[in-house]
1. For residue 160, indicate whether it is surrounded by fewer than 19 Cβ atoms within 10 Å (Cβ to Cβ) and in contact (Cβ under 8 Å) with a residue 24 or more places away in the chain.
2. Test residue 174 against the stated conditions and say whether it is in contact with a Ser or Thr (Cβ under 8 Å, 6 or more places away or on another chain) and in contact (Cβ under 8 Å) with a residue 60 or more places away in the chain.
3. Any residue at all in the stretch 90-104 that's of a type in the set (Phe, Trp, Tyr), closer than 30 Å to residue 182 by Cα, at pLDDT 95 or above and surrounded by fewer than 16 Cβ atoms within 10 Å (Cβ to Cβ)?
4. Among the residues of the stretch 136-164 satisfying the criterion of being assigned to a helix (DSSP H, G or I), touching a helix residue (DSSP H, G or I) at 6+ places or on another chain (Cβ under 6 Å) and of a type in the set (Gly, Ala, Ser), which is farthest from residue 181 (Cα to Cα)?
5. Out of everything in the stretch 201-223 that is farther than 24 Å from residue 69 by Cβ and charged (D, E, K, R), what residue ends up being surrounded by the fewest Cβ atoms within 10 Å (Cβ to Cβ)?
6. Taking the stretch 1-43, which residues are free of Cβ contacts under 8 Å to residues at least 60 places away in the same chain, farther than 26 Å from residue 193 by Cβ and out of contact with any Leu (no Cβ under 7 Å at 6 or more places or on another chain)?
7. If I ask for residues that are at positive phi and assigned to a strand (DSSP E or B), which ones from the stretch 1-41 would you list?
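The values are calculated or read from the model by the stated rules, or taken from the named source; none is laboratory data. Note that the coordinates shown come from a computational prediction; the quantities given were computed from them, not determined experimentally. We place every Cβ from the backbone using ideal geometry, glycine too, and count neighbours over all the protein chains shown.
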Amino acid sequence: MDKAAPRVAIRVTDLVVGFGRRVVIDHLSLDVVQGEILGLVGASGSGKSVLMRSIIGLLPPQGGTIEVMGTPIGSASDRRTRAIAGRWGILFQRGALFSSLTARQNVQFPLREALTISDRLLDEIANAKLEMVGLSAEDGDKFPAELSGGMTKRVALARALALDPAIVFLDEPTSGLDPISAGDFDALIKTLQKTLGLTVFMVTHDLASLNTVCDRIAALADGRIAALGTMHDVLRSEHPWVRAYFRGKRSLMLQPKGS
């Protein structure tokens, strides 16, 4: 008996996004399978964050369609759009924490927006999320200015997980971290993805993250997906940018044995 086809969490079809006459995303199509970690990589200014922001409805497309968990983005009713937005969490680049709120209050922010629950329950949920990402309840009393770079990312991740999402979007999650902290954060993402059954859409330029964490990699170039698949698949691509990025001098650790 044939295996059932994998369920698609995110489906982007023939997407066009631009600013004025400048086209950034040019008839791009991409499926993200439910339960996988997909890493999106591309040159600076290639449109990685533009694609992510289009998927979550922050940038209107000029053409094509986007579906998240079967719901069209951009054409669904306000009620349906709000409902599907509650099924994803977002970690923006550099964390984007509210500086006037404590770590705990930052985690509570989406809970206060979406739910009507007691302050006691808000504290319990926020503390549980902080512990889930390797922080303590005491860390929840700290303000963003008192947090290290790694702690800031963890608080931002706890906030992204506050509403128990099915999909998590990560925008350059290891940017600005030292190699040890970045490796620890990668391991945390992988553990949470397995434990919670998350679908993870990760925008990154970190070769180590792409190699150790991602189930599949999508390489963005010229406004389209130039290569897609496992690291082994992408290393075999002959696209000029993909070849330069993944097979250049700084990426020798990724080369298959005997290459």
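1. Working: surrounded by fewer than 19 Cβ atoms within 10 Å (Cβ to Cβ): no; in contact (Cβ under 8 Å) with a residue 24 or more places away in the chain: yes.
Criteria not met by residue 160.
2. Working: in contact with a Ser or Thr (Cβ under 8 Å, 6 or more places away or on another chain): yes; in contact (Cβ under 8 Å) with a residue 60 or more places away in the chain: no.
Judged against the criteria, residue 174 is not a match.
3. Residues of the stretch 90-104 that are of a type in the set (Phe, Trp, Tyr), as a first pass: 92, 98.
The next check asks that each one be closer than 30 Å to residue 182 by Cα; those that pass are 92, 98.
Cutting the leftovers down to at pLDDT 95 or above gives us none.
The answer is no; no qualifying residue exists.
4. So the residue we want is 140.
5. Let us first name the residues in the stretch 201-223 that are farther than 24 Å from residue 69 by Cβ, namely 205-212, 219, 221-223.
Now restrict to residues that are charged (D, E, K, R): 206, 222.
Details: 206: 22, 222: 15.
By that ranking, first place goes to 222.
6. Here is the first cut: in the stretch 1-43, the residues free of Cβ contacts under 8 Å to residues at least 60 places away in the same chain are 1-8, 11-22, 31.
Checking the rest, the ones that are also farther than 26 Å from residue 193 by Cβ come to 1-2, 14, 16-22.
Listed by number, the residues that qualify are 1, 2, 14, 16, 18, 19, 20, 21, 22.
7. 14, 27
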